[in-house]
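Enquirer: Can you read through this structure? Questions will come right after.
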Amino acid sequence: MEIKEVKFTKMIYMDRKEFIKAMTALGIVAVLPRDVVHAQAITNKTTNNKAMQRADSTIQQILSYGMHAPSSHNTQPWKVKLEGNRLKVFGDFERRLRIVDPNNREFLLSISAFIETIDLAAVAMGNQLKIEPFLDSISADKELFSVEVKGSNLSSTNATLSLIENRFTDRKNYNFGEITDKHISNLQDLDRENVHYFSSNSPSGKLISELQIEAFTKQSNDKSKQLELSDWLRFDKDQKEKLGDGLFPEMLGLNGLPKFVWYSFFNKKSAVGSSFINQGIKSAVEQIKHTSGFLVITSNSRESISIYESGRLYQKTLLKCTELSIRNHTISQILEEVPMKDQIGDNLELKKPIQFIIRLGYSNQNGYGKHIRRSSNSIIT
């Protein structure tokens, strides 16, 4: 059925179910994926001001840039204790994803991306960090990293800081066409042994596409996993300022009518409804169709120290994509769902554990959306 025109004023008086059906038919309703887009810090009104007063301006700035690090569902699962010029970094277990990440793999990867971000920011500001990991075990209230801030006479650079601020995840459809050989080489130069590229038109690329759709569909229809996702979907405008975490429509550049629909007609219950889920699957299929290729990041082993190194490499890779104007979107379901996560490594003939799969492409669209972030004050205990 062709819909030539929709009268907005008439929609306002529709029954709620009919309104949502109409929006679904127009392709407006979509499930928000996991990580976040371009950058803007959010002021948290429940900040521990006394703790922040103990941090000098350099540490404040370093932590502020650290808040731009990517994390699953935008959980920002890190917290910091200040001891002079030393930071003790912990995992915030209240922010872990128990259902989709029972072994804390993504939890550690997110915190590791945070460590990489503050390290890059410190160097860019003319400082150095001495980082010591304690990854023999991961548990609540256990220090995972000791970070010492050391002053130096290094010159500062705004280029890296700009990349940190402007990195964003683009979940929209990309242009058709291949990633250039030069750009692929630039990305693989970060770590030739652990950064792999597969064109969407190659047999390996087609396999990744098929398994990702299969995994996305399976996870979307798993009520416990969809409920966990709904805990991080924000349907109240006021939560943006209050919480500064989770997933908001603005992160995907939803404005105007789609944004109105989200805030006016959706809630946590909607996120497990069939219309919401089915439209999300349709969007995922279109995303995969409009993908040039996949970047796969492996680790040297399954040990925590190797996972930590992969988390740091991941953030380096995203920043390099930002520098090269390559749009990127990390797809995680394929590494969370059985049997897909067990099949993918063998089928790609990779001998090392896969930690990330990232869809890549170019786009003529301008950047959109923004990061929703807690203030750096809020992570200090």
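Enquirer: Probe radius 1.4 Å, ligands and nucleic acids ignored: give me the carbon and sulfur share of the accessible area of segment 135-190 as a rounded percent.
Expert: Reported share for carbon and sulfur atoms: 45 percent.
Enquirer: If you take the square roots of the eigenvalues of the alpha-carbon gyration tensor of segment 184-225 and sort them as a ≥ b ≥ c, do you get rounded (a/c under 1.5), prolate (a/b over b/c) or oblate?
Expert: Since a/c reaches 1.5 but b/c is at least a/b, the shape of segment 184-225 is classed as oblate.
Enquirer: A follow-up question, please. Compute, for segment 263-381, the length of the dipole vector about the Cα centre, with Cβ point charges of +1 (Lys, Arg) and -1 (Asp, Glu) only. Units Debye, rounded to 20.
Expert: Its charge dipole is roughly 480 debye.
Enquirer: Still on this structure, please answer the following. Considering only protein heavy atoms and a 1.4 Å probe, what is the carbon-and-sulfur percentage of the accessible area of segment 292-362?
Expert: Ligands and nucleic acids excluded, carbon and sulfur reach 44 percent.
Enquirer: Expressed as cubic angstrom per residue, what is the convex hull volume of the alpha carbon set of segment 64-148?
Expert: So the per-residue Cα hull volume is 85 Å³.
Enquirer: Probe of 1.4 angstrom, ligands and nucleic acids ignored: what's the accessible area per residue over segment 148-190, in square angstrom?
Expert: That works out to 56 Å² for each residue.
Enquirer: Going by average Cβ neighbours within 10 Å, how do the peptides 98-106, 119-127, 137-145 rank, with the highest at the top?
Expert: 119-127, 98-106, 137-145
Enquirer: Now, a different point. Along the charge dipole of segment 174-316, which of 271, 288, 251 sits closest to the positive end, that is, farthest toward it, with unit charges on the beta carbon of Lys, Arg, Asp and Glu (+1, +1, -1, -1)?
Expert: Towards the positive end, the residue furthest out is 271.
Enquirer: With respect to the cross-link table entries 172/259; 142/242; 206/351; 79/225; 225/351; 282/320, which display a Cα-Cα separation exceeding 18 Å?
Expert: Table pairs above 18 Å Cα-Cα are 142/242; 206/351; 79/225; 225/351; 282/320.
Enquirer: Counting heavy atoms of the protein chains only and a 1.4 Å probe, report the per residue accessible area for segment 230-381 as a whole number of Å².
Expert: On a per-residue basis, segment 230-381 sits at 39 Å².
Enquirer: Could you tell me whether segment 85-223 comes out rounded, prolate or oblate from its Cα gyration tensor? Rule is a ≥ b ≥ c as square roots of the eigenvalues, rounded for a/c under 1.5, then prolate if a/b exceeds b/c, otherwise oblate.
Expert: Oblate.
The values are calculated or read from the model by the stated rules, or taken from the named source; none is laboratory data. Predicted, not measured: the structure shown is a model, and the values here were computed from it. Glycine also receives a Cβ, built like all others from the backbone with ideal geometry; neighbour counts cover every protein chain displayed. Surface accessibility is based on the protein's heavy atoms, side chains included, excluding ligands, DNA and RNA. Shrake-Rupley method; radii C 1.70, N 1.55, O 1.52, S 1.80 Å.
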